[in-house]
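FYI, it's all coordinate maths here, none of it is from the lab. For clarity, every value in this text was computed on a predicted model and none was experimentally measured.
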């Protein structure tokens, strides 16, 4: 059991989507219990997926709590004009879009996130006949070119205070892309008559 615990700890340590030193694991008869606190639901999912992938693990009991970080209240001690306050966050988002426009980097970043999101992106990539990295790169480029200020502001909020702001932004953008794709596919099914709504 000590070997399984070491493997789980190692998997959690090297997953960039999971904040280090916030999750503890226990192993008993092949069952892994995860405990701790994270800020985002995807971090909880990633930790569980990492533990499940370890050879010898029979099951995972995920007791990780999700508690979003509290937003600081009041103005910062040294306020700058409003247009300047967002520049560091926008710079992070631009960096994500620029860096992940390379399909190899995009694929590696998605694999770092892993979990259900990576599986859903893989399915969409196959549906469009694209390699995973190309799908991710196109989704990010689309966000950069077509998103309105509300989308950018929402993405900025996600990165603010995140342990891994680049991965948090990537997760947000891909989740948004998958939601929009699902809405378009639903509308196309309705229009084509393939999907009938009960009256």
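Below is a table of values for the structure above.
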quantity: The range 2-66, relative contact order in percent, only Cα pairs under 8 angstrom and at least six apart counted; calculated: 37
quantity: Rg/Rh for the range 2-66, where both radii come from Cα atoms and Rh is the Kirkwood radius; calculated: 0.92
quantity: Cα Rg over Rh - the range 29-73, Kirkwood; calculated: 1.12
quantity: Debye log10 I(q)/I(0) for the range 90-149, one point scatterer per Cα, at q = 0.21 Å⁻¹; calculated: -0.79
